[in-house]
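Attaching a single structure in structure tokens format; questions to follow.
The values are calculated or read from the model by the stated rules, or taken from the named source; none is laboratory data. The model shown is predicted, which means the values in this text are computed figures rather than measured ones. Reconstructed Cβ throughout: ideal geometry from the backbone, glycine too, with neighbour counts over all protein chains shown. In case anyone asks, the SASA skips ligands and DNA or RNA and just uses the protein heavy atoms, side chains included. Shrake-Rupley method; radii C 1.70, N 1.55, O 1.52, S 1.80 Å.
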Amino acid sequence: MKKYLWISSLSLFVLACFLPVYGTSQGPAEFGQGLFMFVLGWMEAFSENGAVLSWFANPFFIIALCTTKKFPVTSVFFAAFAILTALCFLKGGKILLVLGSLHYGYLTQIRIGYWLWLGSMVVILFASIFKMIERKKEMK
């Protein structure tokens, strides 16, 4: 596997944390939303709101990232599952907002941070597939 794919995936993920991720009925997108969602999104992920179920893509992505080198088949599975879970965000719905106090807003926009976040998962999927192919060639 080319190490630059792994580094690119991690870089996209970190960059996504600092860029605007979504806009809501309560206001425009803000910088740092991704970091807020990554750190505190797990609390909201257990509610009935569909959009926040996508938070579970984060642990799947981290597992895929950590297993790419030694267990590429496992990494492919977790990366694919991370992508599918992340796509739940496109469903929309209510999302927890922190604007002075805690309240909800409806998703109205998907911004660049979301696409970079999703892109990081796609890149690690390809990195895992390439590593899996590389391993098969070594075994022959």
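If you rank Trp115, Trp55 by how much accessible surface each has, with a 1.4 Å probe, what is the order from largest down?
Output order, biggest surface exposure first: Trp115, Trp55.
For Lys136, tell me the accessible area in Å² from a 1.4 Å probe, rounded to the nearest 10.
Here the residue's solvent-accessible area equals roughly 130 Å².
If you don't mind, another one. Order Phe81, Phe71, most accessible first, counting only protein heavy atoms with a 1.4 angstrom probe. Intermediate results must be reported in sequence, preceding the final value.
Details: Phe81 90, Phe71 120 Å².
Output order, biggest surface exposure first: Phe71, Phe81.
Could you work out the local net charge near Lys69, counting Lys and Arg as +1, Asp and Glu as -1, over the other residues with Cβ closer than 14 Å to its Cβ?
That works out to +3.
Provide the solvent-accessible area of Lys2, counting protein heavy atoms only and rolling a 1.4 Å probe, rounded to the nearest 10 Å².
Solvent-accessible area, nearest 10 Å²: 120 Å².
Heavy atoms only, 1.4 Å probe, whole protein assembly: order Cys17, Cys66, Cys88 by accessible area, highest first.
Result of the area sort, largest leading: Cys66, Cys88, Cys17.
Need one value: the accessible area of Phe13 in square angstrom, 1.4 angstrom probe, rounded to the nearest 10.
My reading of the accessible area for Phe13 is about 20 Å².
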